[in-house]
Amino acid sequence: MSPPAFRRVALVCAALAACACFGSYERAVEETRAGLIGLSGRDLRKCLGVPTDFDREEGLEFLTYRWVFDRNRDRPGTTHIGSGGVGGIVIGRRDAGGGYDPLGFPQELDEKEFCELDFVLAKGGVTQVTAHGRDQNDQRTDGPCLMRARRCIDERARADTEK
């Protein structure tokens, strides 16, 4: 096979592999979302830590987890106080560890990378979960943000097999 033809075949194979990975990643994101449905507030606190915000209204609970990232300080795999072991800093708490004000809020939130998970819980557990995220280029990262909660599903599965 000539070098230009080999390059074309390699490019086509790489493009097909990228499409396959994208589809499987999107499937993993949706599986994560579906797996979070039914988890209790206690389950979420076990795997994600204390929520940044909590509210109750007409029999529903609203839990918000929010992480901000500082490229100068945060490295992949690092965790900070209040992060629930998933990296970044949970903001809105006095022990947020490294925030710019006493509650841990950065001064210019719009210039920071962030991930926010919002959970709606009824008596049966989580009924809805939404994810909002932005990277350093201000691009949406909702899928990777939701995948931060994947560990909750893994812990639930582990607990179910131990029973």
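The values are calculated or read from the model by the stated rules, or taken from the named source; none is laboratory data. What you see is a predicted model, and the numbers here were worked out from it, not measured in a lab. For neighbour counting, all protein chains shown are included, and Cβ atoms are generated from backbone atoms with ideal geometry for every residue, glycine included. Please note that ligands, DNA and RNA were not included when accessible areas were found on the heavy atoms of the full protein model with its side chains. Shrake-Rupley method; radii C 1.70, N 1.55, O 1.52, S 1.80 Å.
The figures follow:
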{"item": "Spin-label model distance (nm) - ASP138 vs ALA28, 7 Å beyond Cα toward Cβ", "result": "2.9 nm"}
{"item": "Neighbourhood net charge (12 Å Cβ-Cβ; Lys/Arg +1, Asp/Glu -1) for GLY125", "result": "+1"}
{"item": "Probe 1.4 Å - accessible area at GLU61, Å² to nearest ten", "result": "50 Å²"}
{"item": "Per-pair calculated FRET efficiency, R0 = 25 Å: PHE54 and GLN128 via Cβ, rounded to 0.05", "result": "0.95"}
{"item": "Amide H contacts of GLN128 (H built 1.01 Å from N, under 5 Å, at least 5 apart or other chain)", "result": "VAL120"}
